[in-house]
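Some notes on the structure that comes next.
The values are calculated or read from the model by the stated rules, or taken from the named source; none is laboratory data. For clarity, every value in this text was computed on a predicted model and none was experimentally measured. Cβ placement follows ideal geometry from the backbone for every residue including glycine, while neighbour counts extend to all protein chains displayed.
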Amino acid sequence: MAKRSVLARLDDAVDDFCRRTRYFQEDMTKGRARMFAMQHRLNTRQRNSVLKLKVATNCPDWDTRIGIIRACSEEVIADHEHGGGRAHWEILEDLGTRIGLKRSEIRAAAPIPTTQLAWVAWEGLMGNRHWLEGIVANTCAERANVPGYGTGIMKKHGWFGLERHRWGISSSPPRIWNSSNFTRKPTSSTPTRAGARSSASPSNCTWKMPWWPPARRISPCGRCTWMASGRRGTGLARVE
């Protein structure tokens with residue numbers, strides 16, 4: 001019972017985050033789109049080349065450590081399974097050019113004060129806390145991509161399903177992605193929060209953004225029992 005209570009609190013924390021964050025609730029504007037492309041690109045690079053690797057450094061379990069490093073490599077080096085061989089930050093660069101940003105402008109972008117503040121907070125959590133706390137933090141941060149949290153489109157399709165809607169991205173991958181495997185179709189095994197049902201069909205799959213790793217990549221720890229499934233009260237997504 002105690003274990004389920006803790007898991008329920010983690011589930012509620014993610015749901016609360018999705019409901020109270022203004023960015024998820026307000027319309028996409030040109031300025032926000034520009035900021036997303038530039039700052040999320042920087043964040044993807046920093047979190048996966050520095051911050052998450054601190055958790056791997058502190059992790060005593062070899063398989064878990066390698067899982068973290070492997071997941072990070074897809075973000076910053078190359079994702080051959082879901083990214084057509086490109087790193088996720090490179091795909092974000094392409095997204096920026098899709099809205100009229102010059103690639104040189106994207107690459108010259110510096111982290112804004114709030115991005116820097118978030119990195120400082122993550123630095124302490126990833127490097128100066130128990131490695132399990134770091135994995136929990138990483139998992140909760142990625143968990144918003146799974147359907148079942150927040151309201152409206154986000155609850156039905158996850159965070160990047162919401163972004164697909166706001167950016168007007170169809171189920172067919174745009175030419176810039178040039179890969180048929182970017183849009184992951186939900187299946188009966190797709191983890192969702194309890195009570196969440198995806199209305200997506202093979203011809204209208206919008207819950208997963210093309211450049212985001214699949215739900216099974218949410219946690220690099222397949223051994224922790226508190227990550228046994230994607231259902232409320234039983235844990236977070238397991239790595240297959």
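Brief remarks on what is shown
- Residues in segment 135-167 that are of a type in the set (Phe, Trp, Tyr) and over 14 Å from residue 11 (Cβ atoms): 159, 160, 167.
- Whether a residue is farther than 29 Å from residue 166 by Cα, of a type in the set (D, E, K, R) and part of a helix (DSSP H, G or I) was assessed, and residue 41 does not pass this test.
- In segment 76-98, the residue that is surrounded by the fewest Cβ atoms within 10 Å (Cβ to Cβ) out of those that are among the β-branched types (Val, Ile, Thr) and touching a residue at least 60 places away in the same chain (Cβ under 8 Å) is 97.
- Checking residue 123 against (1) at pLDDT 90 or above; (2) at positive phi, the condition it does not meet: (2)
- Hey, residue 57 buried (at least 18 other Cβ atoms within 10 Å of the Cβ), over 18 Å from the mean Cα position of the chain (by Cα) and modelled with pLDDT under 95 or not: no
- Residue in segment 50-61 that is part of a helix (DSSP H, G or I), in contact (Cβ under 8 Å) with a residue 24 or more places away in the chain and closer than 27 Å to residue 150 by Cα present: yes
- Residue within segment 24-46 that is surrounded by fewer than 20 Cβ atoms within 10 Å (Cβ to Cβ), farther than 25 Å from residue 132 by Cβ and hydroxyl-bearing (Ser, Thr, Tyr) present: yes
- Annotation: of all residues in segment 107-146 being β-branched (Val, Ile, Thr) and within 16 Å of residue 68 (Cβ to Cβ), the one that is surrounded by the fewest Cβ atoms within 10 Å (Cβ to Cβ) is 139.
- Per-region count, segment 122-167, residues under 18 Å from the mean Cα position of the chain (by Cα) and either small (Gly, Ala, Ser) or not in a helix (DSSP H, G or I) (or both): 13
- Among all residues of segment 13-30, there is at least one that is within 19 Å of residue 162 (Cβ to Cβ), among the hydroxyl-bearing types (Ser, Thr, Tyr) and not in a helix (DSSP H, G or I).
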